[in-house]
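The values are calculated or read from the model by the stated rules, or taken from the named source; none is laboratory data. In this text, all values refer to a predicted model and were calculated from it rather than measured experimentally. Virtual Cβ from ideal backbone geometry, glycine too; neighbours counted across all protein chains shown. Quick note on the areas: whole protein, heavy atoms, side chains included, nothing else; ligands and nucleic acids left out. Shrake-Rupley method; radii C 1.70, N 1.55, O 1.52, S 1.80 Å.
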Amino acid sequence: MFAIALTIGAPALAEAGSNGEASAAQGENELPFQPDGQWRLSSLDDGCSVSRDFVRKNDRVTLSFKRIHPASDVQFAIIGGPLSQRSGSLKAGFSVERELTDYRRIATASIGDREGLVFAGPLFGSADWDESDDLAKQTTDFVAIDPLETQITLRTRAIDKAVSALDQCVTDHLVKSGLDLEAHKTFETHATPKDIKDWARKLQRDYPNDALRGGLQGPVPVRLIVDGSGRVTRCDVTNYLTALVLRQTACDLLVKHARFNPATGRDGQPVTDYYWTTVVYRMSGRGFSSDAHGFQIRHD
(Lines give C-alpha, C1' and ligand atoms only; values in the text may rest on other atoms or scores of the structure.)
Protein backbone atom coordinates (compact mmCIF):
# COMPACT_ATOMS: atom_id res chain seq x y z
CA MET A 1 0.00 0.00 0.00
CA PHE A 2 1.09 3.56 -0.63
CA ALA A 3 -0.30 7.02 -0.09
CA ILE A 4 0.44 10.58 -1.09
CA ALA A 5 -0.54 13.29 1.38
CA LEU A 6 -0.63 17.00 0.65
CA THR A 7 0.10 19.47 3.45
CA ILE A 8 -1.60 22.69 2.41
CA GLY A 9 -0.54 26.19 3.30
CA ALA A 10 2.16 25.14 5.74
CA PRO A 11 5.67 26.58 5.71
CA ALA A 12 8.49 24.41 4.47
CA LEU A 13 9.10 21.63 6.98
CA ALA A 14 12.38 21.47 8.88
CA GLU A 15 14.07 18.09 8.66
CA ALA A 16 15.27 18.31 12.25
CA GLY A 17 14.32 16.16 15.21
CA SER A 18 14.69 16.81 18.91
CA ASN A 19 17.50 18.94 20.29
CA GLY A 20 20.75 17.80 21.88
CA GLU A 21 23.21 19.48 24.19
CA ALA A 22 25.32 22.24 22.65
CA SER A 23 27.88 21.92 25.39
CA ALA A 24 29.21 18.51 24.36
CA ALA A 25 32.82 18.44 25.36
CA GLN A 26 35.32 19.05 22.60
CA GLY A 27 37.99 16.38 22.44
CA GLU A 28 41.25 17.40 24.03
CA ASN A 29 43.10 17.13 20.74
CA GLU A 30 40.31 18.59 18.60
CA LEU A 31 41.42 21.91 17.19
CA PRO A 32 38.97 24.03 15.18
CA PHE A 33 39.17 24.13 11.41
CA GLN A 34 40.28 27.61 10.34
CA PRO A 35 38.76 29.48 7.37
CA ASP A 36 40.58 29.24 4.06
CA GLY A 37 39.24 32.03 1.86
CA GLN A 38 35.99 33.98 1.99
CA TRP A 39 32.34 32.96 1.71
CA ARG A 40 31.42 32.27 -1.92
CA LEU A 41 27.95 33.05 -3.25
CA SER A 42 26.40 30.87 -5.96
CA SER A 43 23.21 31.64 -7.86
CA LEU A 44 21.62 28.32 -8.81
CA ASP A 45 18.62 27.38 -10.93
CA ASP A 46 16.61 26.58 -7.82
CA GLY A 47 17.92 29.06 -5.25
CA CYS A 48 21.21 30.39 -3.93
CA SER A 49 23.97 29.07 -1.69
CA VAL A 50 27.00 30.30 0.19
CA SER A 51 29.99 28.10 0.90
CA ARG A 52 33.39 28.39 2.56
CA ASP A 53 36.40 26.12 3.00
CA PHE A 54 38.03 25.38 6.35
CA VAL A 55 41.36 23.64 6.97
CA ARG A 56 43.12 21.85 9.83
CA LYS A 57 46.55 20.48 8.99
CA ASN A 58 45.95 18.31 5.89
CA ASP A 59 42.16 18.11 6.26
CA ARG A 60 39.76 20.35 4.32
CA VAL A 61 36.04 20.81 5.03
CA THR A 62 33.53 22.78 2.96
CA LEU A 63 30.48 24.18 4.73
CA SER A 64 27.55 25.23 2.54
CA PHE A 65 24.03 26.41 3.19
CA LYS A 66 21.40 26.94 0.53
CA ARG A 67 17.91 28.43 0.54
CA ILE A 68 15.21 29.29 -1.99
CA HIS A 69 13.49 32.15 -0.15
CA PRO A 70 14.57 34.97 2.20
CA ALA A 71 14.71 33.79 5.83
CA SER A 72 13.48 30.28 4.90
CA ASP A 73 14.94 26.98 6.10
CA VAL A 74 18.31 26.05 4.66
CA GLN A 75 19.94 22.95 3.26
CA PHE A 76 23.28 22.43 4.98
CA ALA A 77 26.20 20.49 3.54
CA ILE A 78 29.43 19.48 5.29
CA ILE A 79 31.85 18.03 2.74
CA GLY A 80 35.11 16.44 3.88
CA GLY A 81 36.48 15.89 7.37
CA PRO A 82 36.20 13.01 9.84
CA LEU A 83 32.42 12.79 10.39
CA SER A 84 30.89 9.36 9.76
CA GLN A 85 29.15 9.07 6.38
CA ARG A 86 26.93 6.20 7.53
CA SER A 87 25.60 7.54 10.81
CA GLY A 88 22.08 8.50 9.71
CA SER A 89 21.92 11.33 12.24
CA LEU A 90 23.93 14.35 13.31
CA LYS A 91 23.93 17.05 15.97
CA ALA A 92 24.89 20.40 14.53
CA GLY A 93 24.52 24.15 14.93
CA PHE A 94 26.21 27.48 15.41
CA SER A 95 28.02 28.31 18.64
CA VAL A 96 25.56 31.03 19.66
CA GLU A 97 22.60 28.64 19.77
CA ARG A 98 21.30 27.42 23.10
CA GLU A 99 21.70 23.83 21.98
CA LEU A 100 22.65 21.84 18.94
CA THR A 101 19.88 20.48 16.71
CA ASP A 102 19.53 16.72 16.31
CA TYR A 103 19.08 16.01 12.58
CA ARG A 104 17.49 12.63 11.89
CA ARG A 105 17.39 12.67 8.08
CA ILE A 106 20.86 12.77 6.54
CA ALA A 107 21.85 12.25 2.91
CA THR A 108 25.34 11.80 1.51
CA ALA A 109 27.00 13.96 -1.14
CA SER A 110 30.48 14.62 -2.47
CA ILE A 111 32.77 17.16 -4.09
CA GLY A 112 35.34 15.28 -6.14
CA ASP A 113 36.77 12.60 -3.85
CA ARG A 114 35.62 14.32 -0.66
CA GLU A 115 32.50 12.74 0.84
CA GLY A 116 30.04 14.61 2.99
CA LEU A 117 26.61 15.00 4.57
CA VAL A 118 23.50 16.98 3.62
CA PHE A 119 20.72 17.89 6.07
CA ALA A 120 18.09 20.62 6.39
CA GLY A 121 16.32 22.87 8.87
CA PRO A 122 16.30 26.44 10.19
CA LEU A 123 19.61 28.32 9.94
CA PHE A 124 19.59 28.64 13.73
CA GLY A 125 17.70 25.55 14.79
CA SER A 126 17.07 26.28 18.47
CA ALA A 127 16.47 30.04 18.12
CA ASP A 128 13.40 32.13 17.48
CA TRP A 129 13.10 33.60 13.98
CA ASP A 130 13.47 37.21 15.18
CA GLU A 131 16.79 36.36 16.83
CA SER A 132 18.45 35.30 13.59
CA ASP A 133 19.98 38.65 12.59
CA ASP A 134 21.69 39.11 15.95
CA LEU A 135 22.88 35.50 16.08
CA ALA A 136 24.41 35.78 12.59
CA LYS A 137 26.51 38.70 13.85
CA GLN A 138 27.50 37.03 17.11
CA THR A 139 28.37 33.49 16.05
CA THR A 140 31.98 32.29 15.99
CA ASP A 141 31.79 28.57 15.12
CA PHE A 142 29.73 25.87 13.46
CA VAL A 143 29.83 22.59 15.41
CA ALA A 144 28.83 19.12 14.23
CA ILE A 145 28.93 15.83 16.20
CA ASP A 146 28.15 12.40 14.76
CA PRO A 147 26.75 9.43 16.78
CA LEU A 148 30.30 8.14 17.31
CA GLU A 149 31.01 11.43 19.15
CA THR A 150 33.37 12.60 16.43
CA GLN A 151 33.20 16.38 16.50
CA ILE A 152 34.30 19.10 14.12
CA THR A 153 34.37 22.81 14.86
CA LEU A 154 34.51 25.24 11.95
CA ARG A 155 35.70 28.74 12.86
CA THR A 156 33.11 30.62 10.79
CA ARG A 157 33.15 33.88 12.74
CA ALA A 158 30.19 36.21 12.02
CA ILE A 159 28.03 35.09 9.09
CA ASP A 160 25.70 38.11 8.81
CA LYS A 161 27.22 39.36 5.54
CA ALA A 162 27.04 35.88 4.00
CA VAL A 163 23.39 35.50 5.04
CA SER A 164 22.56 38.99 3.75
CA ALA A 165 24.11 38.16 0.36
CA LEU A 166 22.23 34.85 0.29
CA ASP A 167 18.88 36.50 0.96
CA GLN A 168 19.49 39.23 -1.61
CA CYS A 169 20.29 36.54 -4.19
CA VAL A 170 17.04 34.64 -3.57
CA THR A 171 15.12 37.93 -3.55
CA ASP A 172 16.54 38.68 -7.01
CA HIS A 173 15.29 35.25 -8.13
CA LEU A 174 11.80 36.13 -6.96
CA VAL A 175 11.88 39.43 -8.84
CA LYS A 176 12.69 37.52 -12.02
CA SER A 177 9.62 35.36 -11.32
CA GLY A 178 7.46 38.49 -11.20
CA LEU A 179 7.13 38.75 -7.42
CA ASP A 180 7.66 42.03 -5.52
CA LEU A 181 8.27 41.18 -1.84
CA GLU A 182 7.63 44.74 -0.66
CA ALA A 183 4.31 44.88 -2.49
CA HIS A 184 3.57 41.39 -1.18
CA LYS A 185 3.27 42.82 2.34
CA THR A 186 0.31 44.94 1.23
CA PHE A 187 -1.63 42.34 -0.79
CA GLU A 188 -5.38 42.46 -0.24
CA THR A 189 -5.62 38.66 -0.52
CA HIS A 190 -3.15 35.83 -1.05
CA ALA A 191 -3.28 32.83 -3.35
CA THR A 192 -5.52 30.03 -2.06
CA PRO A 193 -5.98 26.49 -3.47
CA LYS A 194 -8.85 25.96 -5.88
CA ASP A 195 -10.51 22.57 -6.49
CA ILE A 196 -7.86 21.01 -4.29
CA LYS A 197 -9.58 17.61 -4.06
CA ASP A 198 -9.36 17.30 -7.84
CA TRP A 199 -5.67 17.95 -8.19
CA ALA A 200 -4.84 16.06 -4.99
CA ARG A 201 -6.44 12.97 -6.59
CA LYS A 202 -4.25 13.42 -9.65
CA LEU A 203 -1.14 13.51 -7.46
CA GLN A 204 -2.39 10.46 -5.56
CA ARG A 205 -2.66 8.27 -8.67
CA ASP A 206 0.80 9.15 -9.98
CA TYR A 207 3.25 7.62 -7.46
CA PRO A 208 6.26 7.07 -9.76
CA ASN A 209 6.81 3.42 -10.70
CA ASP A 210 10.58 3.72 -10.24
CA ALA A 211 10.02 4.98 -6.71
CA LEU A 212 7.57 2.17 -5.94
CA ARG A 213 10.02 -0.46 -7.17
CA GLY A 214 12.87 1.15 -5.22
CA GLY A 215 10.89 1.64 -2.03
CA LEU A 216 11.50 5.39 -2.18
CA GLN A 217 9.39 7.72 -0.09
CA GLY A 218 9.52 10.94 1.90
CA PRO A 219 8.27 14.53 2.12
CA VAL A 220 8.81 16.99 -0.73
CA PRO A 221 8.48 20.54 0.70
CA VAL A 222 8.05 23.10 -2.07
CA ARG A 223 7.40 26.75 -2.77
CA LEU A 224 5.08 27.46 -5.69
CA ILE A 225 5.00 30.71 -7.68
CA VAL A 226 1.37 31.40 -8.61
CA ASP A 227 0.64 33.98 -11.32
CA GLY A 228 -2.31 36.30 -11.71
CA SER A 229 -4.33 33.65 -13.53
CA GLY A 230 -4.01 31.20 -10.62
CA ARG A 231 -1.60 28.86 -12.40
CA VAL A 232 1.70 27.60 -11.02
CA THR A 233 4.57 29.01 -13.07
CA ARG A 234 7.42 27.68 -10.94
CA CYS A 235 7.98 24.99 -8.31
CA ASP A 236 11.13 24.89 -6.16
CA VAL A 237 11.99 22.17 -3.64
CA THR A 238 13.44 23.46 -0.37
CA ASN A 239 15.91 20.58 0.08
CA TYR A 240 17.31 17.47 -1.62
CA LEU A 241 16.65 14.94 1.15
CA THR A 242 13.97 13.00 -0.73
CA ALA A 243 14.72 10.99 -3.87
CA LEU A 244 15.15 12.97 -7.09
CA VAL A 245 12.36 11.08 -8.89
CA LEU A 246 9.89 12.10 -6.16
CA ARG A 247 11.06 15.72 -6.15
CA GLN A 248 10.72 15.99 -9.92
CA THR A 249 7.36 14.22 -10.02
CA ALA A 250 5.87 16.37 -7.25
CA CYS A 251 6.86 19.60 -8.99
CA ASP A 252 5.82 18.40 -12.46
CA LEU A 253 2.37 17.40 -11.22
CA LEU A 254 1.85 20.56 -9.16
CA VAL A 255 2.73 22.77 -12.13
CA LYS A 256 0.40 20.73 -14.35
CA HIS A 257 -2.60 20.29 -12.07
CA ALA A 258 -2.60 22.77 -9.16
CA ARG A 259 -4.97 25.71 -9.53
CA PHE A 260 -5.42 28.70 -7.23
CA ASN A 261 -7.59 31.68 -6.61
CA PRO A 262 -4.99 34.33 -7.44
CA ALA A 263 -3.72 36.90 -4.97
CA THR A 264 -4.91 40.48 -5.36
CA GLY A 265 -3.01 43.70 -4.81
CA ARG A 266 -4.20 46.82 -3.02
CA ASP A 267 -6.01 47.87 -6.19
CA GLY A 268 -7.91 44.58 -6.32
CA GLN A 269 -6.09 43.36 -9.45
CA PRO A 270 -4.65 39.80 -9.68
CA VAL A 271 -0.93 39.61 -8.88
CA THR A 272 1.83 36.99 -8.63
CA ASP A 273 2.17 35.33 -5.22
CA TYR A 274 4.00 32.41 -3.60
CA TYR A 275 2.58 29.44 -1.73
CA TRP A 276 4.22 26.78 0.50
CA THR A 277 3.07 23.18 0.56
CA THR A 278 4.49 19.69 1.13
CA VAL A 279 3.74 16.54 -0.85
CA VAL A 280 4.39 13.43 1.26
CA TYR A 281 5.05 10.11 -0.51
CA ARG A 282 4.64 7.22 1.90
CA MET A 283 4.63 3.40 1.79
CA SER A 284 3.30 1.26 4.60
CA GLY A 285 5.91 -0.09 6.98
CA ARG A 286 8.87 1.79 5.53
CA GLY A 287 10.93 4.67 6.85
CA PHE A 288 11.64 7.76 4.78
CA SER A 289 14.58 7.38 2.39
CA SER A 290 17.24 10.08 1.97
CA ASP A 291 18.87 11.05 -1.31
CA ALA A 292 20.89 14.17 -2.16
CA HIS A 293 20.99 13.42 -5.91
CA GLY A 294 21.48 16.71 -7.71
CA PHE A 295 23.48 18.37 -4.93
CA GLN A 296 26.03 20.85 -6.20
CA ILE A 297 28.27 23.66 -5.02
CA ARG A 298 29.09 26.01 -7.83
CA HIS A 299 31.52 28.91 -7.52
CA ASP A 300 30.28 31.92 -9.48
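Over the range 117-164, calculate the relative contact order: mean separation of alpha carbon pairs under 8 Å at least 6 apart, over the residue count, as a percent.
32 percent
Residues of the range 100-121 falling in the label zone of ARG86, defined by backbone nitrogen less than 19 Å from a point 7 Å along Cα to beta-carbon, are 105-110, 114-118. Ranking SER229, SER64, SER89 by solvent-accessible area of protein heavy atoms (1.4 Å probe, all protein chains present), from largest to smallest, gives SER229, SER89, SER64. The distance between label points at SER177 and ASP113 comes to 4.0 nm (points 7 Å beyond Cα on the Cα→Cβ vector). Look at the Cα gyration tensor of the range 33-143: its axes a ≥ b ≥ c give a/c under 1.5, and that counts as rounded.
For the range 122-234, just say rounded, prolate or oblate: build the C-alpha gyration tensor, square-root its eigenvalues into a ≥ b ≥ c, call rounded for a/c under 1.5, and beyond that prolate if a/b exceeds b/c, oblate if not. Because a/c hits 1.5 or more and a/b fails to exceed b/c, the range 122-234 counts as oblate.
In this view, the solvent-accessible surface of LEU83, computed with a 1.4 Å probe and all protein chains in place, comes to about 10 Å².
I want to make sure I understand the PRE zone here: with the label point 7 angstrom from the Cα of THR140 toward its beta carbon, which residues in the range 157-183 have backbone N atoms less than 11 Å away? Counting only backbone N, you get 157-158.
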